[in-house]
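In what follows, a structure is listed as structure tokens, so that the remarks can point back to it.
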Amino acid sequence: MHGSTSADGLAGVEHLVDRHPSVSPERLIAQLRPPPTFADVSFGTYRPDPAEPSQAAALVACQDFCRQAQERRAGRRKLFGKRAVLPGVGIYLDGGFGVGKTHLLASAYYQLPGSGPGVPEHPKAFATFGELTQLAGVFGFTECIDLLADYTAVCIDEFELDDPGNTTLISRLLSSLVERGVSVAATSNTLPEQLGQGRFAAQDFLREINTLASIFTTVRIEGPDYRHRGLPPAPQPPSDDEVVARATNVAGATLDDFDSLCAHLATMHPSRYLTLIDGVTAVFLTGVHGVDDQNVALRLVSLTDRLYDAGVPVVASGAKLDTIFSDEMLAGGYRKKYLRAISRLLALTAAATQTRGS
């Protein structure tokens, strides 16, 4: 393949396939905060669409959640100065892509007081669903509860239930944390009582879904994807040679053949993808094509999420990035994941125009 030769044989440009990251428990804890893309957001910077009143209502609901979370964490004062533990509260932001759910979730994280020099408050955490399951896997279920039991709140972005095991794990984890006074805020594109529908029918699974749904007050956010406002369709991809030439002019960029990168992603857990792109300023790919293996597709979704969170532009030759997931995949159980990935890839492709001439 022409792209493979160009991408893998070019001297002086880094390749993601040459990176073999590891993630320590300490780093997992340090990562429990909003990604760089949302490092500067606040409730004050959220701009509700006047045509979508549900957005303004969601802003108020999130502010109220922060107030309740702090009250619950403080507990109820009893005799002799002791305080009784009050169970935490939950809020679930449901809506389509690009309506500001993560903006509001990160704003709630920053609104809540946290630990720091001279700030004797309870800590807080922000994690994707995958990061939370990885945390439980590294530390163990009981240890993870102990680790988070004193937190004011745990914010979970893109809540997903891909298998009954993860559903059971996170449902019981959150239930235990709420009992200990930890509040939970989450975003997803699916209502809590609808999670898992069409994929699994086991009674145990459905029971866990119901237990999980009872934790949250659901707040629906309507509106179009802001990333597509004024954004043209996927542009015509550049040639392999153009991608290679541009990669050489961008400091900190990586250049990889698409198939080689897909194979490399299979060698590590998705929890390492964030470390994989650490310090990368732009990702250049040659030979992109449609994928027909669901495992490959889901790894690409995970990588796309990490690239989007970090604000890393993408330039790719081959097929248009909005065509890599087949119609069959888009009609299946992971439809919303793939649509989210397409939305984010288009945004990252548009951002890549800023790398020209740099």
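The values are calculated or read from the model by the stated rules, or taken from the named source; none is laboratory data. Keep in mind that what you see is a predicted model, and the values were worked out from it rather than measured. For neighbour counting, all protein chains shown are included, and Cβ atoms are generated from backbone atoms with ideal geometry for every residue, glycine included. Side chains included, ligands, DNA and RNA excluded: accessible areas come from the protein's heavy atoms. Shrake-Rupley method; radii C 1.70, N 1.55, O 1.52, S 1.80 Å.
A few remarks follow.
- Cβ-Cβ distances below 9 Å connect the following pairs, each with a first residue in segment 65-92 that is on the phi < 0 side of the Ramachandran plot and assigned to a helix (DSSP H, G or I), a second residue that is modelled with pLDDT under 95 and of a type in the set (Asp, Glu), and a separation of six or more residues or different chains: GLN70/GLU121; ARG73/GLU121; ARG73/ASP150.
- Scanning segment 317-348 for residues that are free of Cβ contacts under 8 Å to residues at least 40 places away in the same chain, in a helix (DSSP H, G or I), of a type outside the set (Asp, Glu) and surrounded by fewer than 17 Cβ atoms within 10 Å (Cβ to Cβ) yields LEU330, ARG335.
- Filtered residues of segment 259-304 (kept if among the polar types (S, T, N, Q), out of contact with any Ser or Thr (no Cβ under 7 Å at 6 or more places or on another chain) and open to solvent by less than 40 Å² (accessible area, probe 1.4 Å)): SER271, THR275, SER302, THR304
- Contact map, segment 110-138: first residue more than 24 Å from THR275 (Cα to Cα), second residue of a type in the set (Val, Ile, Thr) and at pLDDT below 90, Cβ cut-off under 9 Å, separation 6 or more or different chains; pairs are PRO113/VAL119.
- Per-region count, segment 123-153, residues among the β-branched types (Val, Ile, Thr) and over 14 Å from the mean Cα position of the chain (by Cα): 4
- Residue within segment 290-301 that is touching a residue at least 40 places away in the same chain (Cβ under 8 Å) and in contact with a Pro (Cβ under 7 Å, 6 or more places away or on another chain) present: no
- Pick from segment 160-193, criterion open to solvent by less than 10 Å² (accessible area, probe 1.4 Å) and assigned to a helix (DSSP H, G or I), ranking: modelled with the lowest pLDDT: PRO192
- Every residue from segment 277-287 that is in contact with a Lys or Arg (Cβ under 8 Å, 6 or more places away or on another chain) and farther than 15 Å from ASN249 by Cβ: ILE277
- Residue count for segment 257-295, restricted to those that are assigned to a strand (DSSP E or B) and under 23 Å from SER24 (Cα atoms): 0
- Hits in segment 244-256 - residues which are within 26 Å of ARG33 (Cα to Cα) and assigned to a loop (DSSP other than H, G, I, E, B): GLY252
- Any hit, segment 139-159, residues being modelled with pLDDT under 90, of a type in the set (A, V, I, L, M) and open to solvent by 10 Å² or more (accessible area, probe 1.4 Å): no
- Residue match in segment 194-211 (condition: under 21 Å from ASP94 (Cβ atoms), open to solvent by 30 Å² or more (accessible area, probe 1.4 Å), more than 19 Å from the chain's Cα centre (by Cα) and modelled with pLDDT of 70 or more): yes
- Residues that are out of contact with any Leu (no Cβ under 7 Å at 6 or more places or on another chain), surrounded by 17 or more Cβ atoms within 10 Å (Cβ to Cβ) and assigned to a loop (DSSP other than H, G, I, E, B), drawn from segment 36-64: VAL41, ASP49, GLU52
- Among the residues of segment 307-315, none qualifies, meaning not one is assigned to a helix (DSSP H, G or I) and more than 26 Å from GLN31 (Cβ to Cβ).
- Among residues that are under 26 Å from LEU321 (Cα atoms) and either of a type in the set (A, V, I, L, M, F, W, C) or at pLDDT below 95 (or both), VAL244 is included.
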